[in-house]
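Below is one structure, written out as structure tokens; the observations come after it.
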Amino acid sequence: MYPELGQLALILSLLLAVLLSVVPLAGALTGRDSLQAFARPLTSGMFVFIALAFAILTHAFVTDDFSVAYVANNSNSMLPWYYKVSAVWGGHEGSLLMWILMLVGWTLAVAVFSRKLPSVMISQVLSVLGMVSVGFLLFIIVTSNPFDRLLPNVPADGQDLNPLLQDIGLILHPPMLYMGYVGFSVAFAFAIAALINGRLDAAWARWSRPWTTVAWSFLTLGIALGSWWAYYELGWGGWWFWDPVENASLLPWLSGTALMHSLAVTEKRGVFKSWTVLLAIVTFSLSLLGTFLVRSGVLTSVHAFASDPERGSFLLALLGLTILASLTLYAFRAPVVHVRARYSSLSREIFLLLNNVLLVSATLLVAIGTLYPLVLDYLDLGKLSIGEPFFNTTFSPLAVATGLLLGAGVFSRWKKTDGGWLARKLLWPLAVSILVSAAVMISYGGFAVWAFLGVFAAVWVAVATFWDLWDKSASRHGRWHGLQRQSRSYWGMVLGHLGLAMVMAGATVVSNYGIERDVRMQPGDRATVGDYEIVFVGIGERRGPNFTAQYGSFDVYLDGNLVTDLHPEKRQYPVGMSVMTEADIDAGLFRDVFVAIGERISDDAWAIRVQYKPLVRWLWLGALIMAIGGFLAIADKRYRIRVRDEQSAKPASAAGGKAVEATP
Amino acid sequence: MHPIRKKRLTIVLFLVVGIAIAVGLITYALRQNINLFYDPTEIAAGNAPVDTRIRAGGMVEAGSVVRDTESLIVNFRVTDFAASVPVQYEGILPDLFAEGQGVVAMGRLNEQGLFVADQVLAKHDENYMPPEVAEALERSSKGQHKAVNAEKAAESATY
């Protein structure tokens, strides 16, 4: 009974989405307030029905309703309750439903938090979001219904959730990632609405900015969680594989980062408008591309669930339609926009432009490396894969260049920056950075060009950020007062850049100075990684809720002192007949010691992987700090105050401008 | 020159330089890092290049896995049921590696025809098979060396 209600809820929300994508837009185009007024109620209705459908599916999982095919395929009565809940998004249909839930959630958030926006604008934005919902609701109803029944042959028990996915990482990673992916739809909707209106101005940029930043923060968290999960669960200690699925999430992140910076210029200086709109379209298209790559089954990965060609073509059509429609609109409307503001060839505008050039180049590189093999395969020109070295060789120089540019850009001023002044300003940070980088090199013992460049770029970003904070917080009333005076968006930027510095430092150090060894060990054997000595004590057995495990006991020594003991496991899941390796990690701020057991070689000898991973935590901590920076930035007061000003449109802002001029 | 034009010119120059660098890096890196896929039939026929990093894939031949007891070296044969190739790998194999399962190995073919793998990828669950392997199996099953197992394998690959 309930699953049918869920199905009905999906269909009803599709109807509401269709109305939402037509009625308010028609109202906005014809100037009828009565039609525009439908935007918010329709949005709420759509959200309620999707939330209902999601709740019904969760209910089916928790109550072990194996008559629902999706539940039978992805759950089992022995699964602990929290994995039953997270199994809702453990497969294709459910994760798609979650995607839609997020989409309508964002739509609702726009409806709720944009009360101060002009009605015409908000109607158009919600209509565009409605159109996106129509596409995905059609997709789920036509090709991927999570409520399909297995009647009358109801299986006695489910096939279990893939053991890889029975983990805290899966509970958190997809929701965060989807929040990011889907969140860019809001920036996209604002861009499309602005194109329809022909009103691409600073106000538009200011409205889109917080939404873009929030989406970006969620995406950052989602990617970091995925990397962390891969590190301990799947990757035998690797944290980034340049796997097409990872790249699919990195693409919108890179262009989203470019979009955030370009929006800043558009808001503050009113330039780069057409470029910003294009980036908003591209970023959302890349989110859709990511969904297509991951969900259509064209890729070989944990994320590619049992595939169905119909789904692939549907998603491809959706992607094509979105890109075609928005670029057509862009082609017709973008040239309308005129630019008046001026800036010199050395200014913050130029630094941010270069930032965009680098980020877009990085996006292109990753896109080419990811799509090239797929396109060749599709055209039947041969099967090939592009390995990690391709990405490492091409991505690292861009990352280093971005870091170097960032450090200098932090000090630059809008409109015009004096070259001599900037050079003098950079002298001391440069000296400090070189010294610190050299010290880091010496302490890790070993010089390599790329290691130095990576560490230097990271240190440079951090030093420049702190230096600028020091400069800005100078105050007659003391340092503390000066620090308090800084706006939240400035603090957001500081944290974002410091987080990036941490990620760069972590990535460089762990790739260059990490140690990874596979050894054959018998109880009593010792293995050394870095300064650590690992002693294999023995193997034991234990039972979990839905698995049996063999676990190894290892003692970890540093300079003869016992640091910790580790118990990696090899688990057998009887339901799915699968084996899983659970590594055990002694985590630390400056290093991880990682032990995992492989197969049994002879009666008492095992293949063991031991690893020393310096600064690996900085990757995820850095990402977390970046995301916190993003959330802090949108809490800035000015987003609330200025929105109110905007209602009284242009005359008010002109008066405001005069008032500012009059103050000094 | 008019200041706005001058500025536009600088922007265009920046873009051109950026794109040129990107294209240069891509072609440089692509030239070195493309790994072509070969199936066991092609390798056995001598069509695969020697001492070049390639990918090879197929099913792990039943009864072919031999583990050295004193080191981490494993020897096994990868087959498409028409031909098979000896593979050597040193290290820890993925959890899902087993005889009769599909694998993709990355590595180099040496002069003696031994495929020395530095990476072995196994499928992620029992219903899934790497598309290359599925196709290789399908190709060989269409040839004269038809094996009963191959049909079955190719069938399960369409999941």
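The values are calculated or read from the model by the stated rules, or taken from the named source; none is laboratory data. What you see is a predicted model, and the numbers here were worked out from it, not measured in a lab. Positions of Cβ are backbone-derived with ideal geometry, glycine not excepted, and every protein chain shown enters the neighbour counts.
The table that follows gives values for the structure above.
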| item | result |
| --- | --- |
| Residue in the stretch A:24-44 that is outside any helix (DSSP H, G or I) and among the hydrophobic types (A, V, I, L, M, F, W, C) present | yes |
| Among (1) more than 9 Å from chain A (Cβ to nearest Cβ); (2) within 27 Å of A:Glu582 (Cα to Cα); (3) surrounded by fewer than 17 Cβ atoms within 10 Å (Cβ to Cβ) - the single one B:Asn110 does not satisfy | (2) |
| Selection status of B:Ala29, free of Cβ contacts under 8 Å to residues at least 40 places away in the same chain, within 7 Å of another protein chain (Cβ to nearest Cβ) and either of a type in the set (Gly, Ala, Ser) or assigned to a loop (DSSP other than H, G, I, E, B) (or both) | yes |
| Test: A:Tyr573 is aromatic (Phe, Trp, Tyr), closer than 18 Å to A:Trp236 by Cβ and more than 9 Å from every other protein chain (Cβ to nearest Cβ) | no |
| A:Pro389 under 28 Å from the mean Cα position of the chain (by Cα), under 24 Å from A:Thr283 (Cα atoms) and within 9 Å of another protein chain (Cβ to nearest Cβ) | no |
| Selection count, the stretch A:189-237, where residues are β-branched (Val, Ile, Thr) and under 17 Å from A:Leu632 (Cβ atoms) | 4 |
| One residue from A:Ile597, A:Ile634, A:Ile641, A:Ile608 being at pLDDT 75 or above and within 18 Å of A:Ala202 (Cα to Cα) | A:Ile634 |
| Search result, residues across the stretch A:372-386 that are loosely packed, with under 14 Cβ neighbours inside 10 Å and either within 8 Å of chain B (Cβ to nearest Cβ) or β-branched (Val, Ile, Thr) (or both) | A:Val375, A:Gly382 |
| Looking only at the stretch B:46-80, and only at residues there that are touching a residue at least 24 places away in the same chain (Cβ under 8 Å) and basic (Lys, Arg), the one that is nearest to the other protein chains (Cβ to nearest Cβ) | B:Arg55 |
| Complete set of residues in the stretch A:407-428 that are of a type outside the set (Lys, Arg) and part of a loop (DSSP other than H, G, I, E, B) | A:Val410, A:Phe411, A:Ser412, A:Trp414, A:Thr417, A:Asp418 |
